[in-house]
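The values are calculated or read from the model by the stated rules, or taken from the named source; none is laboratory data. What you see is a predicted model, and the numbers here were worked out from it, not measured in a lab. Virtual Cβ from ideal backbone geometry, glycine too; neighbours counted across all protein chains shown.
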Amino acid sequence: MYREKEVKYDVALERDEAKLLRDVERIVLEFGFSIVPKESVTRRYEYFDTRELYAMHHSETVRKISEFTPASEKGKFRYDYKKGLITERYEENYWSNRELNEEEMRRRLKLPEVYDGLEVKARASTRHTKRVLQKNGTRIELALDHFTLEGGLQFKELELECKNGDDVKNERLGRRISDVLGLVRLEEQKYTRVMRMRGG
């Protein structure tokens, strides 16, 4: 497993996304980062858990993400297992060009035995608007995510994930963005938020 180094913030649904991104980019440039725009993409999410909701109660995530393009990604589907607090989170990934059955998913993600008997607990689609930020060997992926849950509930989050280099710069940049733009830092994983909104 590798450590996920990210900070994320809640974004009000009514907030204008184009203006927010312009304001964020201005702050990013003030910090001396270069910005590489990326196309907005839509992904489908399925969240898995046990009947007793072990993952939700232990701040873990088991999910499948689909609608990747194999020509530019490692496969059509990505399976993720995340564990730990947002500030100290670890992740295991597995890419595939076909959907995995439950036994394959548990084996490929090296899930603990407690995950015997996985069920789909939630589905969502997400529009990701991304930017790649670079400075002196530090590479940060910035994403504005607009989640739409099955049933129509929605939320938005702004994420900054340090892919390479100094994650302290990521923390400082995130704090500056939140201070200037009035964003509230989130300490809740997406799966927990999804289940809370659904009343799960």
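Scanning region 74-94 for residues that are of a type in the set (A, V, I, L, M) and either over 13 Å from the mean Cα position of the chain (by Cα) or farther than 14 Å from Thr61 by Cβ (or both) yields one hit, Leu85. If you scan region 1-51, which residues turn out to be of a type in the set (Ser, Thr, Tyr), outside any strand (DSSP E or B) and at pLDDT 95 or above? The one that is of a type in the set (Ser, Thr, Tyr), outside any strand (DSSP E or B) and at pLDDT 95 or above: Thr50.
Got a sec? Which of Ala18, Ala12, Ala55, Ala71 is more than 18 Å from the chain's Cα centre (by Cα), of a type in the set (Gly, Ala, Ser) and over 27 Å from Thr138 (Cβ atoms)?
Numbers: Ala18 fails: over 27 Å from Thr138 (Cβ atoms); Ala12 fails: more than 18 Å from the chain's Cα centre (by Cα); Ala55 fails: more than 18 Å from the chain's Cα centre (by Cα).
From the options Ala18, Ala12, Ala55, Ala71, the qualifying one is Ala71.
Quick check on Val114: is it surrounded by fewer than 15 Cβ atoms within 10 Å (Cβ to Cβ), among the β-branched types (Val, Ile, Thr) and either in contact with a strand residue (DSSP E or B) (Cβ under 9 Å, 6 or more places away or on another chain) or without any contact (Cβ under 8 Å) to a residue 40 or more places away in the chain (or both)? So Val114 does not fit the description; no.
In region 164-184, of all residues being of a type in the set (S, T, N, Q) and crowded, with 16+ Cβ neighbours inside 10 Å, the one that is farthest from the chain's Cα centre (by Cα) corresponds to Ser178. Within region 121-138, does at least one residue satisfy the condition of being crowded, with 16+ Cβ neighbours inside 10 Å, farther than 24 Å from Glu17 by Cα and of a type in the set (A, V, I, L, M)? Within region 121-138 (the criterion being crowded, with 16+ Cβ neighbours inside 10 Å, farther than 24 Å from Glu17 by Cα and of a type in the set (A, V, I, L, M)), the answer is yes, since at least one residue qualifies.
Residues being of a type outside the set (Phe, Trp, Tyr) and farther than 19 Å from Arg26 by Cα: count how many of those fall in region 146-161. Even if it seems obvious, please write down each step before you answer.
Within region 146-161, the subset of a type outside the set (Phe, Trp, Tyr) is 146, 148-154, 156-161.
Next, from what is left, pick out any that are farther than 19 Å from Arg26 by Cα: 146, 148-154, 156.
Summing the residues that are of a type outside the set (Phe, Trp, Tyr) and farther than 19 Å from Arg26 by Cα in region 146-161 gives 9.
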